[in-house]
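Structure first, commentary second.
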Amino acid sequence: MSKKLITAIADMEEKEALDLARELLARKTDPLLILEDCRSAMAIVGQRYEAGTYFLPELLLAGEMLAEITEIVKPELSKAQAIQRHGKVLIGTVKGDIHDIGKNIVTFMLDASGFEVRDLGVDVPAEKFVEAIREFQPQVVGLSGFLTLAYDSMKETVAAIKAAGLRDGVKIMIGGGTVDDQVREYAGADAYGLDAMAAVTLAKGWTGGN
Ligand code: B12
């Protein structure tokens, strides 16, 4: 863990944060640990937003910094993973929610771990997931969401997949922010994953990848 990186992101020191991320990579720090620090920093940003000391511009800048750091660590992450295609994963941020930093990390990790991933983007209505399952034929569907309202959208999406007669053909994992096993049960998904590595482990478990 790099306290300096966490503090730089949390304090909105963009240049320092990016320089530190590059420096850590150059010192052969595990790219996953760098992403983990980003997550810790985001939690602090969230607390400051809740406390009223940060506002939307800070959330936006934090989002940008995280996206930039993800771009910086991407090449190293790719190198660490052997490319061997395991199966197909369809992913998206559910309806009403536009948070996609976490989803993008999950997408990237799945791709780097050998999955063919189709990313439907953000604010994705249930019907769009159904359409894409018919067309793309994934074994795994990933639903991401950070807002509390995303829980209902996840439930609607799983119900729509079931109503379309496609539920038995796919495994559904959910994740993002405060999603936990209770939300999984509420939504009717097969599993929830705490982070990008958990998403990869779940998908591999369902597709027989290793
Ligand atoms: C950055 C941010 C934004 C950015 C988003 C930029 C972007 N491109 O995503 C912007 C500024 C746009 C934004 C907007 C809003 N935000 Co905001 N935002 C955040 C913030 C600071 C960080 C979120 C984040 O990216 N975290 C880092 C990522 C890496 O974590 P993650 O998503 O959890 O992802 C990891 C895991 O969860 C997992 N994972 C993620 N997806 C999936 C999927 C699967 C299948 C699996 C297995 C795993 C998995 O793997 C990821 C990597 O390890 C949080 C505060 C916080 N507490 O974190 C608030 C927060 C989420 N936002 C909040 C709010 C209220 C909003 C707004 C409504 C604000 C407003 N008044 O307009 C809007 C939402 C608009 C909408 N319709 O969605 C609230 C949500 C409250 C709630 N419970 O509903 C929070 C918690 C802040 C707060 N404390 O109030 N936000």
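The values are calculated or read from the model by the stated rules, or taken from the named source; none is laboratory data. If you're wondering where the values come from, they're calculated on a predicted model, not measured in any experiment. For neighbour counting, all protein chains shown are included, and Cβ atoms are generated from backbone atoms with ideal geometry for every residue, glycine included. What goes into the accessible areas is simple: the full protein's heavy atoms, side chains included, and nothing from ligands, DNA or RNA. Shrake-Rupley method; radii C 1.70, N 1.55, O 1.52, S 1.80 Å.
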Item to complete: Rounding to the nearest 20 debye, state how big the charge dipole of segment 1-115 is about its Cα centre with +1 on each Lys and Arg Cβ and -1 on each Asp and Glu Cβ.
Response: 520
Practice prompt. Quickly estimate the mean residue ellipticity at 222 nm for the chain, helices only: each DSSP H run with n ≥ 4 gives -39500 (n - 2.57), and the total goes over all residues, rounded to 500.
Written response: -19000 deg cm²/dmol
Worksheet item: Ignoring ligands, DNA and RNA, what accessible area per residue does the chain give at 1.4 Å, in Å²?
Response: 51
Worksheet, complete the sentence: In degrees rounded to 10, the 0-90 angle between helix 126-136 Cα long axis and the longest Cα principal axis of the chain is 80
Discussion item. Quick one: 3J(HN,Hα) in Hz for segment 18-31, Karplus 6.51/-1.76/1.60 with θ = phi - 60°, rounded, Gly and Pro as x.
Written reply: 5, 4, 5, 4, 4, 4, 4, 5, 4, 8, 6, 5, 4, x
Worksheet, complete the sentence: Here the gain from full extension of Glu14 to Gln47, 0.36 nm per residue of separation minus their alpha-carbon distance, amounts to 10.0 nm
Item to complete: Please determine, in degrees from 0 to 90 and to the nearest 10, the orientation of helix 150-163 with respect to the longest principal axis defined by the Cα atoms of the chain, where the helix direction is its Cα long axis.
Response: 30
Worksheet item: By how many degrees, 0 to 90 and rounded to 10, does the Cα axis of helix 56-80 deviate from the longest principal axis of the chain?
Response: 80
Response to the item:
Placing one equal point scatterer on each C-alpha of the chain and summing with Debye, one gets log10 I(q)/I(0) at q = 0.08, 0.10, 0.13 Å⁻¹ equal to -0.28, -0.43, -0.72
Item to complete: Between Asp181 and Ala26, take the C-beta separation as r, use R0 = 35 Å, and let me know the FRET efficiency to the nearest 0.05.
Response: 0.35
Discussion item. List the residues, sorted by chain then number, that are 5 or more residues from Phe115 or on another chain and whose placed amide H is less than 5 Å from its amide H.
Written reply: His86
